[in-house]
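Chemist: I have a structure here, written as structure tokens, and I will follow up with some questions on it.
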Amino acid sequence: QPWRSPGEPQAPFFLLTPRWPVECEVIQETIEHIEWVPPKPEPFCPPMGPEQALYNISEEQGTVVYHSSRALQGSCFTRARVGGAPGPLSSPASPLEGPQDTTLLFESRFESGNLQKAIKVGPYEYMLMLQPDLYTAKHTQWFYFRVQNTRQEPLYRFTIANMAKPNSLYGQGLQPLLYSQRDAQSRGIGWRRVGTDVCYYRGSAGEPLLFRLSWTVRFPHDGDTCFFAACYPYTYSDLQRYLRALAADPVRSRYCKVQVLCRSLAGNPVHLLTITSPGGTAGKRVVVASARVHPGESGSSWAMRGFLDFLLSAHADAWLLRRLFIFKVVPMLNPDGVVVGNSRCSLAGRDPNRAYGMALPSSFPSVWHLRAMVQRVLAEREVVLYCDFHGHSRKNNVFMYGCDASRDGTGTRLCQRVFPLMLSKNAPDKFSFSSCKFQVQKSKEGTGRVSMWRLGVSHSYTLEVAFSGSTLGGRSSHFSVEDLKSLGRLLCDTLLDFCDPAPAKFQQCLVEADALLQQQMGHEPGSGGSWSDVSPSELESSTSGSDSSMSDG
């Protein structure tokens with residue numbers, strides 16, 4: 001790339017096919033799914049308790065029917081090309097012996113796919129192994145794979161045997177997602193929650209300690225092509241299609257400029273959107289938003305999609321937001337990780353959301369250029385808000401992490417809590433203010449949230465969206481794609497409330513936040529007790545932090 005100033009965007013360009021590391025085999029078929037919203041909310045399923053955990057099947061008890069290994073452990077990224085590995089593809093799936101053979105045919109060598117191995121341990125039972133994040137030996141959480149040669153009548157059991165985290169929402173009612181190609185084509189039905197006897201439990205003893213996710217399911221048709229996924233997939237190609245349509249739209253392109261912030265390690269463009277009303281920008285404050293630094297948190301992309309849809313719409317509030325602010329949006333910070341089906345890391349084999357403090361543009365280009373861009377903006381304007389969209393695998397509902405430093409005055413510490421409190425009022429059936437945390441832990445210094453706050457963005461947040469759904473407002477059900485997209489609109493509504501020149505709403509939330517903190521400290525209302533000298537770590541439990549795996553930080 002030609003030399004340019006840090007954080008200075010380039011002209012846009014789009015790839016019809018993403019660039020992959022050269023050791024990754026990629027099938028030629030285009031995988032696309034229809035969008036669909038179920039007619040009624042999909043309730044959580046009653047989970048099986050650990051005491052009901054299944055017997056520990058092992059690889060030695062079955063036959064390997066699929067094995068696709070992408071990179072040797074300990075290797076590192078060297079180069080990439082469009083379409084991945086050159087030459088003819090290998091055949092990781094065992095061939096069928098005839099029309100009576102009921103063995104499922106597995107495949108995951110497509111964008112965002114993740115399945116390393118499938119072992120048939122019974123007529124309709126399979127043990128599965130996930131691919132660790134590329135160039136690492138850990139971070140097994142995201143899964144997304146295809147099965148063919150299905151039978152409608154039998155009850156199948158799938159057990160993923162190498163999940164990394166000791167706790168999961170699968171133990172609280174979360175179900176996997178299924179997509180039937182035949183139902184999509186004939187009935188217009190897309191991704192839906194499936195699975196009975198869902199169980200998340202500790203696997204057999206060993207190092208590293210691994211956990212198992214098991215579920216049973218009946219397929220809707222004989223001879224169907226189906227997909228399973230941990231969350232609604234949103235691929236890099238999905239984003240490219242969205243941005244191409246946006247750039248070609250004569251109306252929306254007037255107030256949305258699509259540029260390239262930088263290229264990823266593999267050479268995939270990291271896109272930057274600048275959204276504001278045409279004309280002068282004097283006096284306008286800036287809002288910065290980013291998503292998908294962790295590739296396995298695909299729900300964050302759907303929330304970002306809803307944010308962009310609303311912000312670029314003809315709605316009166318969207319028009320007002322564009323008139324008041326300049327929005328700088330990076331919708332996919334880690335495109336390489338999304339392409340290869342990682343859960344957490346980039347092709348550097350590290351978590352980029354721990355790298356904001358590192359001066360390593362060659363290893364973590366997207367977070368380095370994002371930070372540099374915010375520095376450039378801060379030299380000229382106020383950045384009123386930074387919000388980084390994430391997903392969470394261990395806590396229900398939607399919530400935020402903010403930045404509270406005990407050295408700050410009481411007013412500043414209260415102000416940190418106002419935006420999340422307002423969002424909880426706008427989204428009472430989705431957003432949990434009581435789940436929000438504001439402690440700045442040392443291990444989180446390299447995150448986007450803390451890094452932007454250290455630069456001088458006074459209101460800097462991580463938005464966490466549960467992989468599962470909501471337990472609020474009488475709900476006990478999974479989030480649909482529409483639920484996730486609605487979060488973007490609700491975030492826009494809250495921004496208008498937060499920046500309302502009439503101070504009533506802001507003042508009301510300050511009073512309410514103070515009362516909640518008094519209550520948290522055990523003080524009676526109106527007692528005059530103070531929490532201002534109490535550290536953030538004392539105000540909240542230090543055990544409910546971000547969704548990082550146990551070895552992170």
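Chemist: In segment 314-329, is there at least one residue being modelled with pLDDT of 95 or more, surrounded by fewer than 20 Cβ atoms within 10 Å (Cβ to Cβ) and assigned to a loop (DSSP other than H, G, I, E, B)?
Modeler: Yes, the conditions are met somewhere in segment 314-329.
Chemist: Quick one: how many residues across segment 272-297 are of a type in the set (Gly, Ala, Ser), closer than 16 Å to Arg381 by Cβ, buried (at least 22 other Cβ atoms within 10 Å of the Cβ) and in contact with a helix residue (DSSP H, G or I) (Cβ under 6 Å, 6 or more places away or on another chain)?
Modeler: Adding up the residues that qualify gives 0.
Chemist: Out of (1) over 22 Å from Pro18 (Cα atoms); (2) surrounded by fewer than 20 Cβ atoms within 10 Å (Cβ to Cβ), the odd one out for Gly267 is which?
Modeler: Of everything listed in (1) over 22 Å from Pro18 (Cα atoms); (2) surrounded by fewer than 20 Cβ atoms within 10 Å (Cβ to Cβ), Gly267 misses just condition (1).
Chemist: Count, please, the residues in segment 401-452 that happen to be open to solvent by less than 30 Å² (accessible area, probe 1.4 Å), out of contact with any strand residue (DSSP E or B) (no Cβ under 9 Å at 6 or more places or on another chain) and basic (Lys, Arg).
Modeler: Of the residues in segment 401-452, 0 are open to solvent by less than 30 Å² (accessible area, probe 1.4 Å), out of contact with any strand residue (DSSP E or B) (no Cβ under 9 Å at 6 or more places or on another chain) and basic (Lys, Arg).
Chemist: Those residues that are in contact with a Leu (Cβ under 7 Å, 6 or more places away or on another chain) and open to solvent by less than 20 Å² (accessible area, probe 1.4 Å), I need them from segment 374-384; list them, please. I'd like the intermediate steps shown before the answer.
Modeler: First, pick out the residues of segment 374-384 that are in contact with a Leu (Cβ under 7 Å, 6 or more places away or on another chain): 374-375, 378.
Within segment 374-384, just Val374 meets the criteria.
Chemist: Return the residues of segment 397-444 that are in a loop (DSSP other than H, G, I, E, B) and within 13 Å of Glu464 (Cα to Cα); say none if nothing qualifies.
Modeler: Hits for segment 397-444 are Asn397, Lys430, Ser432, Cys436.
Chemist: Determine whether segment 416-431 contains at least one residue that is under 18 Å from the mean Cα position of the chain (by Cα) and either without any contact (Cβ under 8 Å) to a residue 12 or more places away in the chain or in the same structural domain as Arg354 (by the TED database) (or both). Give the steps one after another, and end with the answer.
Modeler: Of all residues in segment 416-431, those under 18 Å from the mean Cα position of the chain (by Cα) come to 430-431.
Within this subset, residues satisfying the condition of being either without any contact (Cβ under 8 Å) to a residue 12 or more places away in the chain or in the same structural domain as Arg354 (by the TED database) (or both) are 430-431.
Taking every residue of segment 416-431 in turn, at least one turns out to be under 18 Å from the mean Cα position of the chain (by Cα) and either without any contact (Cβ under 8 Å) to a residue 12 or more places away in the chain or in the same structural domain as Arg354 (by the TED database) (or both).
Chemist: Right, another one. Among the residues in segment 306-313, are any on the phi > 0 side of the Ramachandran plot, small (Gly, Ala, Ser) and part of a loop (DSSP other than H, G, I, E, B)?
Modeler: no
Chemist: Right, something else. Can you name the residue in segment 75-119 that is in contact with a helix residue (DSSP H, G or I) (Cβ under 9 Å, 6 or more places away or on another chain) and open to solvent by 20 Å² or more (accessible area, probe 1.4 Å) and is also nearest to Tyr236 (Cα to Cα) among such residues?
Modeler: Going through the qualifying residues, I end up with Glu111.
Chemist: Another question, if that's okay. So for segment 473-484 (the condition being surrounded by 17 or more Cβ atoms within 10 Å (Cβ to Cβ), part of a helix (DSSP H, G or I) and either at positive phi or not acidic (Asp, Glu) (or both)), does at least one residue qualify?
Modeler: As a first pass, look at segment 473-484 and keep what is surrounded by 17 or more Cβ atoms within 10 Å (Cβ to Cβ): 475, 477-481, 483-484.
Narrowing the set further to residues that are part of a helix (DSSP H, G or I) leaves 481, 483-484.
From the residues that got through so far, the ones that are either at positive phi or not acidic (Asp, Glu) (or both) too are 481, 484.
There is at least one residue in segment 473-484 that is surrounded by 17 or more Cβ atoms within 10 Å (Cβ to Cβ), part of a helix (DSSP H, G or I) and either at positive phi or not acidic (Asp, Glu) (or both).
Chemist: Please go through segment 21-40 and give me each residue that is open to solvent by less than 30 Å² (accessible area, probe 1.4 Å) and over 17 Å from Phe145 (Cβ atoms), ordered by number.
Modeler: Listed by number, the residues that qualify are Pro21, Val22, Pro38.
Chemist: Now for a different question. Asn397 is checked against (1) in contact with a strand residue (DSSP E or B) (Cβ under 9 Å, 6 or more places away or on another chain); (2) at negative phi and fails just one. What number does that condition carry?
Modeler: (2)
Chemist: Do any residues in segment 214-239 that are farther than 19 Å from Val293 by Cα have Cβ atoms under 6 Å from those of residues that are assigned to a strand (DSSP E or B) and open to solvent by 10 Å² or more (accessible area, probe 1.4 Å), where the two are at least six apart or on different chains, and which pairs are they?
Modeler: Between residues of segment 214-239 that are farther than 19 Å from Val293 by Cα and residues that are assigned to a strand (DSSP E or B) and open to solvent by 10 Å² or more (accessible area, probe 1.4 Å), the close pairs are Thr216/Arg157; Thr216/Thr196; Thr216/Asp197; Thr225/Gln148; Phe227/Arg146.
Chemist: Follow-up question, since we're still on this one. Report yes if Tyr234 is of a type outside the set (Gly, Ala, Ser), closer than 19 Å to Ser298 by Cβ and either modelled with pLDDT under 95 or in contact with a Ser or Thr (Cβ under 7 Å, 6 or more places away or on another chain) (or both), otherwise no.
Modeler: For Tyr234, the condition - of a type outside the set (Gly, Ala, Ser), closer than 19 Å to Ser298 by Cβ and either modelled with pLDDT under 95 or in contact with a Ser or Thr (Cβ under 7 Å, 6 or more places away or on another chain) (or both) - is met.
Chemist: Filter segment 352-373 for residues that are of a type outside the set (A, V, I, L, M) and either assigned to a loop (DSSP other than H, G, I, E, B) or free of Cβ contacts under 8 Å to residues at least 12 places away in the same chain (or both); which is surrounded by the most Cβ atoms within 10 Å (Cβ to Cβ)?
Modeler: Start the filter on segment 352-373 by keeping residues that are of a type outside the set (A, V, I, L, M), which leaves 352-354, 356-357, 361-366, 368-369, 371.
Keeping just the survivors that are either assigned to a loop (DSSP other than H, G, I, E, B) or free of Cβ contacts under 8 Å to residues at least 12 places away in the same chain (or both) gives 356-357, 361-364.
Details: Tyr356: 22, Gly357: 14, Pro361: 15, Ser362: 8, Ser363: 18, Phe364: 28.
Only one residue tops the list, namely Phe364.
Chemist: Now a separate question. Between residues in segment 280-297 that are within 14 Å of Leu308 (Cα to Cα) and at pLDDT 95 or above and residues that are of a type in the set (S, T, N, Q) and not in a loop (DSSP other than H, G, I, E, B), which pairs lie under 8 Å by C-beta distance while being six or more apart or on different chains?
Modeler: Matching pairs, first to second residue: Ala291/Ser300; Ala291/Ser301.
Chemist: Another question, then. Read through the list (1) at pLDDT 90 or above; (2) within 25 Å of the chain's Cα centre (by Cα); (3) open to solvent by 70 Å² or more (accessible area, probe 1.4 Å), then give the number of the only condition that Leu16 fails.
Modeler: Single failed check for Leu16: (1).
Chemist: Filter segment 169-187 down to residues that are hydroxyl-bearing (Ser, Thr, Tyr) and open to solvent by less than 20 Å² (accessible area, probe 1.4 Å) and give me whichever is farthest from Trp142 (Cα to Cα). Break it down stepwise before answering.
Modeler: From segment 169-187, those hydroxyl-bearing (Ser, Thr, Tyr) are 170, 179-180, 186; that's our starting set.
With the extra rule that they be open to solvent by less than 20 Å² (accessible area, probe 1.4 Å), the set shrinks to 170, 179-180.
Values: Tyr170: 13, Tyr179: 16, Ser180: 19 Å.
Ranking the candidates gives Ser180 first.
The values are calculated or read from the model by the stated rules, or taken from the named source; none is laboratory data. Bear in mind the structure is a predicted one, so any value in this text is a computation, not a measurement. All Cβ positions, even for glycine, are placed from backbone atoms using ideal geometry, and neighbour counts span all protein chains on display. Heavy atoms of the whole protein, side chains included, go into the accessibility calculation; ligands, DNA and RNA do not. Shrake-Rupley method; radii C 1.70, N 1.55, O 1.52, S 1.80 Å.
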